[in-house]
Amino acid sequence: DPVQKKAIFDEIRGGWTVLVYMSPEQLLNEVVCDLLMERGVRLMVVDEAHSISEWGHDFRPEYLKLNILKSHFPGVPRLALTATADGPTRRDIIDRLEIKEENLFVSSFDRPNIKYTVVPKEEPKIKLINFIKENHSGDSGIVYCMSRNKVETITKFLIEEGFNALSYHAGMDKNQKNINQDKFLKEEGVIVVATIAFGMGIDKPDVRFVCHLDLPKSVEAYYQETGRAGRDGLKSSAWMAYGLEDLSKIINFIVKSNASENQKRIERQKLDALLGFCETTSCRRKVLLEYFGDSLNNPCGNCDTCLEPIKSFDATVATQKALSCVSKTGQRFGAVHIID
């Protein structure tokens with residue numbers, strides 16, 4: 001509020017402040033910008049820097065205006081940080097913040113202690129229960145759902161099955177959200193069922209599993225959310241139930257959004273990459289790492305497709321026939337008619 005802001009500005013003017021955290025919108029405020037230029041800044045850090053790029057999975061137009069950093073704060077080093085940026089996103093960050101290409105540092109994206117599993121979305125609640133009971137009984141974990149209603153439903157279901165489960169979503173009372181987050185951080189064996197509103201700033205080292213009962217929006221979102229498991233380096237799991245009904249919901253969100261056509265095209269490409277990860281017959285970790293421009297010489301041996309190889313067959317002729325049928329019927333019909 002204004003009183004708090006004035007107190008903070010006074011601290012900055014007095015030289016008592018070492019670190020200032022603010023949103024891009026706040027930095028772009030003329031009064032704030034002038035104050036920082038007057039006081040002098042030693043380092044500018046852009047966190048969650050993937051948001052500066054249209055290719056970034058959390059693109060925010062406000063971040064684009066951070067290109068003022070070089071002109072308003074000449075000589076001040078600029079540091080951009082993100083855990084989830086593919087090649088095009090990294091190039092955008094470098095271009096828009098005018099960072100030299102040789103100052104790009106990329107560490108490995110591999111989290112070898114996390115086992116990746118994707119299962120068909122048939123009776124997902126039963127599969128979720130069985131997965132937790134068989135692999136993580138008594139462990140702390142996060143279960144992600146797409147909607148608030150589903151969060152409440154799954155929480156109730158887990159409680160009825162004897163688990164210590166709590167809800168977390170944007171529609172909840174702020175005080176209750178804080179209580180639930182605090183319990184999760186401080187107590188053992190707590191499962192939080194949440195929308196993606198939960199997770200930013202969560203640094204609990206012993207989260208043993210992250211489950212997705214709905215498809216995330218992109219490979220980056222999936223990587224970021226599953227990366228909340230096993231931060232202590234011990235064995236952990238990333239488990240996801242995947243069904244085509246999720247796909248149609250996300251496509252619907254993209255189509256109905258107010259984003260530009262170019263942004264919608266990018267989001268569809270990201271969704272296609274996620275489907276490639278879900279439907280691969282090869283090592284999932286290799287697919288995940290290759291998306292970020294990283295590599296793995298051999299199959300990881302710690303994902304479902306490595307441990308239980310998927311049976312595959314050469315569908316070239318069948319695919320050619322299907323495409324021929326689509327062509328000969330004038331590309332006017334849906335899948336059911338084509339199959340018939």
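Could you list all residues from region 285-295 that are open to solvent by 40 Å² or more (accessible area, probe 1.4 Å) and outside any helix (DSSP H, G or I)?
Matches in region 285-295: 293, 295.
Against the condition modelled with pLDDT of 95 or more, open to solvent by less than 60 Å² (accessible area, probe 1.4 Å) and out of contact with any Leu (no Cβ under 9 Å at 6 or more places or on another chain), how does residue 56 come out, does it pass?
Here the answer is no, as residue 56 does not meet what is asked.
Pick from 301, 276: which is open to solvent by less than 60 Å² (accessible area, probe 1.4 Å), within 30 Å of residue 123 (Cβ to Cβ), part of a loop (DSSP other than H, G, I, E, B) and not aromatic (Phe, Trp, Tyr)? First the steps, then the outcome.
On the way: 276 fails: part of a loop (DSSP other than H, G, I, E, B).
Being open to solvent by less than 60 Å² (accessible area, probe 1.4 Å), within 30 Å of residue 123 (Cβ to Cβ), part of a loop (DSSP other than H, G, I, E, B) and not aromatic (Phe, Trp, Tyr) holds for just one of 301, 276, which is 301.
Going through region 1-37 one residue at a time, which ones are farther than 27 Å from residue 263 by Cα and in a loop (DSSP other than H, G, I, E, B)?
1, 14, 15, 16, 17, 18, 19, 20, 21, listed by residue number.
Does residue 207 meet the test of being hydrophobic (A, V, I, L, M, F, W, C) and touching a residue at least 60 places away in the same chain (Cβ under 8 Å)?
yes
Being surrounded by fewer than 11 Cβ atoms within 10 Å (Cβ to Cβ) and among the charged types (D, E, K, R) is the filter here, so list the residues in region 1-34 that pass it.
Those that are surrounded by fewer than 11 Cβ atoms within 10 Å (Cβ to Cβ) and among the charged types (D, E, K, R): 1, 6, 30.
Could you grab me the full set of residues in region 64-118 that are in a helix (DSSP H, G or I), open to solvent by less than 80 Å² (accessible area, probe 1.4 Å) and of a type in the set (Ser, Thr, Tyr)?
Answer for region 64-118, where residues must be in a helix (DSSP H, G or I), open to solvent by less than 80 Å² (accessible area, probe 1.4 Å) and of a type in the set (Ser, Thr, Tyr): just 89.
Within region 38-63, which residues are within 22 Å of residue 106 (Cα to Cα) and assigned to a helix (DSSP H, G or I)?
Just the residues of region 38-63 that are within 22 Å of residue 106 (Cα to Cα), to begin with: 43-59, 63.
Listed by number, the residues that qualify are 49, 50, 51, 52, 63.
Open to solvent by 60 Å² or more (accessible area, probe 1.4 Å), modelled with pLDDT under 95 and either under 26 Å from residue 149 (Cβ atoms) or not aliphatic (A, V, I, L, M) (or both): is that true of residue 270 in this structure? I'd like the intermediate steps shown before the answer.
Numbers: open to solvent by 60 Å² or more (accessible area, probe 1.4 Å): no; modelled with pLDDT under 95: yes; either under 26 Å from residue 149 (Cβ atoms) or not aliphatic (A, V, I, L, M) (or both): yes.
For residue 270, the condition - open to solvent by 60 Å² or more (accessible area, probe 1.4 Å), modelled with pLDDT under 95 and either under 26 Å from residue 149 (Cβ atoms) or not aliphatic (A, V, I, L, M) (or both) - is not met.
Of the conditions (1) modelled with pLDDT of 90 or more; (2) open to solvent by less than 70 Å² (accessible area, probe 1.4 Å); (3) not in a strand (DSSP E or B), residue 246 satisfies every one except a single condition; which number is it?
Failed condition: (1).
Might you check whether a residue that is surrounded by 15 or more Cβ atoms within 10 Å (Cβ to Cβ) and charged (D, E, K, R) occurs anywhere in region 310-332?
no
Please work out if residue 287 is hydrophobic (A, V, I, L, M, F, W, C) and modelled with pLDDT under 95.
Numbers: hydrophobic (A, V, I, L, M, F, W, C): yes; modelled with pLDDT under 95: no.
Answer is no for this residue.
Restricting attention to region 188-231, and to residues there that are small (Gly, Ala, Ser) and touching a helix residue (DSSP H, G or I) at 6+ places or on another chain (Cβ under 8 Å), which single residue is farthest from residue 176 (Cα to Cα)?
So in region 188-231, the residues small (Gly, Ala, Ser) come out as 189, 194, 197, 199, 201, 218, 221, 227, 229-230.
Still in the list and also touching a helix residue (DSSP H, G or I) at 6+ places or on another chain (Cβ under 8 Å): 194, 199, 218.
On the way: 194: 13, 199: 16, 218: 29 Å.
The selected residue is 218.
Being under 30 Å from residue 49 (Cα atoms), among the hydrophobic types (A, V, I, L, M, F, W, C), touching a residue at least 40 places away in the same chain (Cβ under 8 Å) and out of contact with any Ser or Thr (no Cβ under 8 Å at 6 or more places or on another chain): is that true of residue 105 here?
In short, no.
Of the conditions (1) among the hydrophobic types (A, V, I, L, M, F, W, C); (2) surrounded by 12 or more Cβ atoms within 10 Å (Cβ to Cβ); (3) free of Cβ contacts under 8 Å to residues at least 40 places away in the same chain, residue 49 clears all except one; give me its number.
Of the numbered conditions (1) among the hydrophobic types (A, V, I, L, M, F, W, C); (2) surrounded by 12 or more Cβ atoms within 10 Å (Cβ to Cβ); (3) free of Cβ contacts under 8 Å to residues at least 40 places away in the same chain, the odd one out for residue 49 is (3).
Is there any pair linking a residue in region 77-97 that is more than 25 Å from residue 226 (Cβ to Cβ) to one that is part of a helix (DSSP H, G or I) and open to solvent by less than 20 Å² (accessible area, probe 1.4 Å), with Cβ under 8 Å and at least six apart or on different chains, and which?
From residues that are more than 25 Å from residue 226 (Cβ to Cβ), the pairs are 78/69; 96/52; 96/66; 97/49; 97/52; 97/66; 97/69.
Of these, 160, 122, 134, which one is modelled with pLDDT under 95 and more than 17 Å from the chain's Cα centre (by Cα)?
Values: 160 fails: modelled with pLDDT under 95; 134 fails: modelled with pLDDT under 95.
Answer to the check: 122.
Just checking, how many residues over region 209-236 are open to solvent by 30 Å² or more (accessible area, probe 1.4 Å) and over 11 Å from the mean Cα position of the chain (by Cα)?
5
Residue by residue, here is whether (1) under 12 Å from residue 97 (Cβ atoms); (2) touching a residue at least 12 places away in the same chain (Cβ under 8 Å); (3) out of contact with any helix residue (DSSP H, G or I) (no Cβ under 9 Å at 6 or more places or on another chain) holds:
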position	(1), (2), (3)
3	no, no, yes
6	no, no, yes
16	no, no, no
19	no, no, yes
25	no, yes, no
60	no, yes, no
63	yes, yes, no
69	yes, yes, no
75	no, no, yes
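The values are calculated or read from the model by the stated rules, or taken from the named source; none is laboratory data. Small disclaimer: the values here were computed from a predicted structure and weren't measured. Glycine gets a Cβ as well: all are built from the backbone with ideal geometry, and neighbour counts include every protein chain shown. Keep in mind that these areas ignore ligands, DNA and RNA; they rest on the heavy atoms of the full protein, side chains included. Shrake-Rupley method; radii C 1.70, N 1.55, O 1.52, S 1.80 Å.
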